[in-house]
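The values are calculated or read from the model by the stated rules, or taken from the named source; none is laboratory data. If you're wondering where the values come from, they're calculated on a predicted model, not measured in any experiment. Cβ sites come from the backbone with ideal geometry, for glycine too, and all protein chains shown count toward neighbours. Heavy atoms of the whole protein, side chains included, go into the accessibility calculation; ligands, DNA and RNA do not. Shrake-Rupley method; radii C 1.70, N 1.55, O 1.52, S 1.80 Å.
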Amino acid sequence: MVMKRPPEAGDILQGTLDMLILRTLLFGPAHGHQIAKHIQSTTDDILRLEHGSLYPALHRLERQGWVAAKWEVLGKRRRECKYYRLTPAGRKQLTAEESNWNRIAKAIARVMRVPVKV
């Protein structure tokens, strides 16, 4: 995953990519490019997924049984695309990851709210 510069935006916590992909697939099956574009547009171009991050993550999620994939032929040019869909196990995993993410975000917010005494 590539962050839009400036670098001060920071890195995303490891494991967040899986959650973002699973969340995107809640909207329905999608191929890799659609997943990347959804995340990019939803984050106002802050998060951009590179192939080197996206496809290994999709393959890992597929091996874990959280997504299922199926090749489909598209359009007039008859191009094959691999479509990914969320499985019931993936929905359960997404619920767990969202819960964990919310817990971490609240903890970080508490640290950021502590007044600085100069």
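Count of segment 22-48 residues, restricted to those that are under 24 Å from GLU72 (Cα atoms), touching a helix residue (DSSP H, G or I) at 6+ places or on another chain (Cβ under 6 Å) and open to solvent by less than 20 Å² (accessible area, probe 1.4 Å), is 6.
Checked against (1) modelled with pLDDT of 95 or more; (2) over 21 Å from ALA96 (Cβ atoms), ARG63 passes all but condition (2). Residue count for segment 63-72 under the criterion of being of a type in the set (Val, Ile, Thr) and either open to solvent by 60 Å² or more (accessible area, probe 1.4 Å) or on the phi > 0 side of the Ramachandran plot (or both): the result is 0. Give me a count of the residues in segment 55-104 that are among the aromatic types (Phe, Trp, Tyr) and in a helix (DSSP H, G or I). Result for segment 55-104: 2. Looking at ARG60, ARG85, can you tell me which residue is touching a helix residue (DSSP H, G or I) at 6+ places or on another chain (Cβ under 8 Å), open to solvent by 70 Å² or more (accessible area, probe 1.4 Å) and within 13 Å of ASP18 (Cβ to Cβ)? The conditions single out ARG60.
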